[in-house]
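Have a look at the structure below, then the notes.
The values are calculated or read from the model by the stated rules, or taken from the named source; none is laboratory data. Quick caveat, the model's predicted, so the values are computed rather than measured. Reconstructed Cβ throughout: ideal geometry from the backbone, glycine too, with neighbour counts over all protein chains shown.
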Amino acid sequence: MARAGSRDSDALQRLLACPRCVKARLDAVKDGYRCRRCETEFPELEGIPWLFANPGVAWGEWRQRLDFAQKTLAADTARVAASLEDGSLRDSTRARLEHLRDAYTAQAEALGALMAPLELGTLEAHYATYLALRTRLPSDHGLHTYYPNLHRDWGWGEGENRRSADLVAEALAGAARDTLLVLGSGASRLAYDLHQEGAWGQSVALDFNPLLLLVAKTVCAGATLDLFEFPIAPRSASEVAVRQTLRAPAPARPGLDFVLGDALRAPFAAASFDAIVTPWFVDVVPEELSSLCARVNPLLRSGGSWVVFGSLAFSNRDAAHNYGPEEVVEIVADGGFDIPELREETIPYMDSPHSRHGRREQVVVLRARKRDDRKSPPRHVALPDYLVKSDEPVPLLEAFHLQATTTRIHAALMSLVDGKRSIDQMATMLAENGFMRRDEAETSVRNFLIKMYDEAHRPTGL
Ligand SMILES: C[S@@+](CC[C@H](N)C(=O)[O-])C[C@H]1O[C@@H](n2cnc3c(N)ncnc32)[C@H](O)[C@@H]1O
């Protein structure tokens, strides 16, 4: 198991609790922490506690994500190298592609070096505990999902970060200043700014993405890191890849700690915090807002403050859960808080100096004071039993049924692609075999093949 760096602080340990047993305290041991009750050992990644309910499973998942990120970078590099084989390229295009190829290569090296401690891990995923816990990280999250945030937080300077820190700091005015928790802290600049300027005794930044927290911890310790930014719409050819030296304005004051874990199984003892900030977070987690309120509530001390900051862009399939600001105010109040104060402001968002692309967002800053204690809801269930156990019948959900039909059609269609048949011939054969009507077959075959063709040509990069 990889372990480097020193234990951050005893003050942090006092706040921690087992994410599996929920309330049991953790003891510091040589290579990390151990639960006093279930005796699960939690490692550290470069001195950052790895407090996932099932540390082995989470370690394996993030290693796979790292592997995928590295393979994607290698494929991107190879594609650019193949384009460079074309002898008819303009000089300017060649120069841009060479710059991009070199940037991809350097980025792969930098990422490999930064994430090396994750590869060194030897934690085994214990199947039985996985069954018991049903832990799982969302499959749509990759190592690079919030990669541009690293550059915004530690590369682009003050502007955007200052604006966010000021709005949140204002909302926290008057809060007791002992302990602060930032849930889903990402690249963690906001946590850093609040800690630096807010006289907090102990601040904790929690996220589940090890790349973001490894960078945050490194720069907050006063070191610098060189990583490439790949802007969405580069301002010039040379800005297709920009080497950024990421750094914090100054080393963090003592008392700022980072924790790797799942916010929905937050590894903290009850009533540990005077304030909790959830920046750009409540609308990205796969949990209903009232249930999230019930998870935040017990972590706060009596009278503690919760600040919800960022967009309210809920995107649930069930529109009933895609709340507007008025509903959010009501739901938070129902969750054991005083009626929250809500303010709305328009701020720049992901406005890279190297990109023509940048957004303006109307953000909400909602401050709620804890009024009553609420019990934590039951454990967050990531997957139903039939997906975790191997011996339960898998229900024939409408979605599975539909998928089974489309898979049969796709398989039949793909088996007809032999390098000789035309769309017209394939459509006739599919109709003869009863897969679809002849009059709709041609369009369906064409659309399906176009989709496959587009997917094969879609860029994959950062
Ligand atoms: C939209 S980003 C916001 C990042 C940061 N708060 C900011 O304002 O830039 C959402 C963050 O939440 C993290 N995240 C999402 N679900 C999480 C979970 N269940 N536990 C911990 N972190 C989570 C992501 O890794 C990401 O860093």
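Worth a mention:
- Among residues that are farther than 29 Å from ARG301 by Cβ, at pLDDT 95 or above, near the ligand (Cβ under 10 Å from one of its atoms) and under 23 Å from the mean Cα position of the chain (by Cα), ARG152 is included.
Conditions tested, residue by residue: (1) of a type in the set (Lys, Arg); (2) surrounded by 12 or more Cβ atoms within 10 Å (Cβ to Cβ); (3) at pLDDT below 75.
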{"residue": "LYS375", "(1), (2), (3)": "yes, no, no"}
{"residue": "GLY419", "(1), (2), (3)": "no, no, no"}
{"residue": "ALA427", "(1), (2), (3)": "no, yes, no"}
{"residue": "LEU430", "(1), (2), (3)": "no, yes, no"}
{"residue": "ASN433", "(1), (2), (3)": "no, no, no"}
{"residue": "GLU442", "(1), (2), (3)": "no, yes, no"}
{"residue": "ILE450", "(1), (2), (3)": "no, no, no"}
{"residue": "TYR453", "(1), (2), (3)": "no, no, no"}
{"residue": "ARG458", "(1), (2), (3)": "yes, no, yes"}
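- So ALA53, is it surrounded by 14 or more Cβ atoms within 10 Å (Cβ to Cβ), of a type outside the set (Ser, Thr, Tyr), out of contact with any strand residue (DSSP E or B) (no Cβ under 9 Å at 6 or more places or on another chain) and in contact (Cβ under 8 Å) with a residue 60 or more places away in the chain: yes
- Which numbered condition ALA294 fails, given (1) in contact (Cβ under 8 Å) with a residue 60 or more places away in the chain; (2) within 16 Å of the ligand (Cβ to nearest atom); (3) closer than 26 Å to TRP62 by Cβ; (4) not polar (S, T, N, Q): (3)
- Scanning the stretch 228-255 for residues that are of a type in the set (A, V, I, L, M, F, W, C), within 16 Å of the ligand (Cβ to nearest atom) and in a strand (DSSP E or B) turns up just one, LEU246.
This table checks each residue for (1) in a helix (DSSP H, G or I); (2) of a type in the set (S, T, N, Q).
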position: HIS357; (1), (2): no, no
position: GLN362; (1), (2): no, yes
position: ASP372; (1), (2): no, no
position: PHE400; (1), (2): yes, no
position: ARG408; (1), (2): yes, no
position: ARG421; (1), (2): no, no
position: MET436; (1), (2): no, no
position: ALA441; (1), (2): yes, no
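- Each residue in the stretch 167-193 was checked for being at pLDDT below 95 and assigned to a helix (DSSP H, G or I), and 0 pass.
- Condition met for SER164 (of a type outside the set (Val, Ile, Thr), within 12 Å of the ligand (Cβ to nearest atom), part of a loop (DSSP other than H, G, I, E, B) and within 27 Å of THR245 (Cβ to Cβ)): no
- Qualifying positions in the stretch 403-417 - among the hydroxyl-bearing types (Ser, Thr, Tyr) and either closer than 29 Å to ALA69 by Cα or modelled with pLDDT under 80 (or both): THR405, THR406, THR407
- Residues of the stretch 27-39 satisfying the condition of being crowded, with 16+ Cβ neighbours inside 10 Å and either touching a residue at least 24 places away in the same chain (Cβ under 8 Å) or assigned by TED's automatic domain parsing to the domain that holds ALA263 (or both): GLY32
- Selection within the stretch 175-193 - over 21 Å from PRO249 (Cβ atoms) and either within 13 Å of the ligand (Cβ to nearest atom) or free of Cβ contacts under 8 Å to residues at least 60 places away in the same chain (or both): LEU181, LEU183, GLY184
- So LEU143, is it modelled with pLDDT of 90 or more and crowded, with 20+ Cβ neighbours inside 10 Å: yes
- GLY159 satisfies every condition listed in (1) surrounded by fewer than 18 Cβ atoms within 10 Å (Cβ to Cβ); (2) among the small types (Gly, Ala, Ser); (3) more than 15 Å from the ligand (Cβ to nearest atom) except (3).
- Whichever residue in the stretch 194-212 is of a type outside the set (S, T, N, Q) and in a loop (DSSP other than H, G, I, E, B) and, among such residues, is nearest to the ligand (Cβ to nearest atom): PHE208
Yes/no per residue for (1) in contact with a helix residue (DSSP H, G or I) (Cβ under 7 Å, 6 or more places away or on another chain); (2) over 18 Å from PRO267 (Cα atoms):
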site: GLY157; (1), (2): no, yes
site: GLU160; (1), (2): yes, yes
site: ASP166; (1), (2): no, yes
site: ALA176; (1), (2): no, yes
site: LEU181; (1), (2): yes, no
site: GLY198; (1), (2): yes, yes
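- The residue that is farthest from SER290 (Cα to Cα), among those in the stretch 321-354 that are of a type in the set (Gly, Ala, Ser) and surrounded by fewer than 19 Cβ atoms within 10 Å (Cβ to Cβ), is GLY324.
- Count - residues of the stretch 297-344 that are touching a strand residue (DSSP E or B) at 6+ places or on another chain (Cβ under 8 Å) and within 15 Å of the ligand (Cβ to nearest atom): 8
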